[in-house]
Amino acid sequence: MARLYKALKAALATPQVHDGLLRQGLATVGSSPEEATRFFASELVKHDKLAKAAGLRLE
């Protein structure tokens, strides 16, 4: 995981990749794997609450 993180961070730092993502409407966020895990876990909780409030169910 550390090797993948370093490689991805290096790629995102290049103007070609960074600018290409911006042209597609995507912004990069520099976070560690641990920070990303916490972010996605909190997003899952938030979206789960929204889905339940809307009466949505997985089939």
Legend entry - Solvent-accessible heavy-atom area per residue, rounded to whole Å², over the chain at 1.4 Å: 93 Å²
Inset, instruction - Hey, could you get me the Stokes-Einstein D for the chain, Kirkwood radius over alpha-carbon pairs, 37 °C and 0.692 mPa s, rounded to whole µm² s⁻¹? - result: 236 µm²/s
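The values are calculated or read from the model by the stated rules, or taken from the named source; none is laboratory data. As the structure is a computational prediction, the values presented were derived from the model and not from experiment. Surface areas here come from the heavy atoms of the whole protein model, side chains and all, with no ligands, DNA or RNA. Shrake-Rupley method; radii C 1.70, N 1.55, O 1.52, S 1.80 Å.
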